[in-house]
Amino acid sequence: MKQQMERIDTVSQYNDAMGVETKHPLVSVINFDEIPSYQQFRRYMGIYAIFLKNIKCGDIRYGCQPYDYEDGTLVFISPGQVYGIDSKGKRIKPSGRALVFHADFIAGTQLGKIIKDYKFFSYAVNEALHLSKKERATINDCLNKIATEIDLNIDKHSKTLILSNIELFLNYCMRYYDRQFITRNHANRDILARFENLLNEYFKEGLGSSLGLPTVTYCAEQLNLSANYFGDLIKKETDTTALDYIQLKLIEEAKERIAMFNKPINEIADELGFKYQQHFTRLFKNKVGLTPMEYRTLI
């Protein structure tokens, strides 16, 4: 039997589902230690949610993908995403906290303008942020400040202070993700090697003719990563964007074909995945400083 999906569109709906009081209609900090145990659920989220899990308490599901989270893990959910908990039939007592807020709370504010810069809201759950004890203490301090403001009587300063603390919280998360990219250097280099092999095989198998140019999204999917996480990882490792990296490989392959094969330029462009030869010529000249024909005459 397919599990029914619960729809959460407001902070109060989430609080009701958790069995906690709504103190502010647009933002809430929940302590999971104070809520009842549960077995499983599946939810469509119409609000932002950040979960800090202190202990392993079931397999979280993000879309259709499971993620077995660990101590001190932050998981980010943005409006329009689906998540759930599968405890494999056992009732579990969660431990940790959650910060949830509605898009209306940040609309028209500085945070509302930059929220999309926090790309980890669209990372997959298996790309969650793993915290050290010191990092977790800092995150809890931010949550305490937000919770304190929510508990106070609302005045003209409340929203500004809550917003500034949420932004501080997210900026710490940005810093910790940068640290995680560095500390997972070995795993990242394995992804880079697989990315390189993926592009080599793409050109070797002639997939450009049928699939078009290799895209960042395609490569990320083949490597089982979200496009944003993949793009951020490549940027951290190579100091260039994933798109620039793909285009560099594309130009390298184009140079080899121009030099080694007596084929018309339009045929090479088609094999590489370009829909129109002029697009190939424009990119080649932009990267090389010569048109494909000019390059051929020099080699």
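The residue of the stretch 208-246 that is nearest to Glu127 (Cα to Cα), among those that are hydrophobic (A, V, I, L, M, F, W, C) and not in a helix (DSSP H, G or I), is Leu225. Here Val20, Val27 are screened, and the one residue that is at pLDDT 95 or above and surrounded by 14 or more Cβ atoms within 10 Å (Cβ to Cβ) is Val27. From the list Arg179, Arg189, Arg175, Arg184, the lone residue that is under 30 Å from Thr217 (Cβ atoms) and modelled with pLDDT of 95 or more is Arg175. Within the stretch 140-172, the residues that satisfy the criterion of being farther than 21 Å from Asn31 by Cβ and either hydroxyl-bearing (Ser, Thr, Tyr) or surrounded by 17 or more Cβ atoms within 10 Å (Cβ to Cβ) (or both) are Lys159, Thr160, Leu163, Ser164, Glu167. Contact map, the stretch 144-157: residues that are over 17 Å from Gly96 (Cβ atoms) paired with residues that are among the small types (Gly, Ala, Ser) and at pLDDT 95 or above, Cβ distance under 8 Å, separation 6+ or inter-chain. Pairs shown: Ile150/Ser28. Surrounded by 13 or more Cβ atoms within 10 Å (Cβ to Cβ) and either closer than 26 Å to Phe230 by Cβ or among the aromatic types (Phe, Trp, Tyr) (or both): is that true of Arg184 in this structure? Judged against the criteria, Arg184 is a match.
Here is a check on your reading of the model: is Ala227 in contact with a helix residue (DSSP H, G or I) (Cβ under 9 Å, 6 or more places away or on another chain), loosely packed, with under 14 Cβ neighbours inside 10 Å and among the small types (Gly, Ala, Ser)?
Details: in contact with a helix residue (DSSP H, G or I) (Cβ under 9 Å, 6 or more places away or on another chain): yes; loosely packed, with under 14 Cβ neighbours inside 10 Å: no; among the small types (Gly, Ala, Ser): yes.
Judged against the criteria, Ala227 is not a match.
Picking from residues in the stretch 41-87 that are outside any strand (DSSP E or B) and either under 21 Å from Asn165 (Cβ atoms) or of a type in the set (Lys, Arg) (or both), the one that is modelled with the lowest pLDDT is Lys56. Once the stretch 88-112 is narrowed to residues that are β-branched (Val, Ile, Thr) and under 22 Å from Tyr44 (Cβ atoms), the residue that is modelled with the lowest pLDDT is Ile92.
Pairing residues of the stretch 189-211 that are under 21 Å from Asp239 (Cβ atoms) with residues that are at pLDDT 95 or above and of a type in the set (Lys, Arg), at Cβ distances under 8 Å and at least 6 apart in sequence or on separate chains, gives Glu196/Lys249; Leu199/Lys249. On the basis of being among the small types (Gly, Ala, Ser) and either crowded, with 16+ Cβ neighbours inside 10 Å or under 30 Å from Asn126 (Cα atoms) (or both), does Ala193 make the cut? Criteria met by Ala193.
The values are calculated or read from the model by the stated rules, or taken from the named source; none is laboratory data. Here the structure is a predicted model, which is why all the values come from computation and not from measurement. Here the Cβ is made from the backbone with ideal geometry for all residues, glycine too, and neighbour counts use every protein chain on show.
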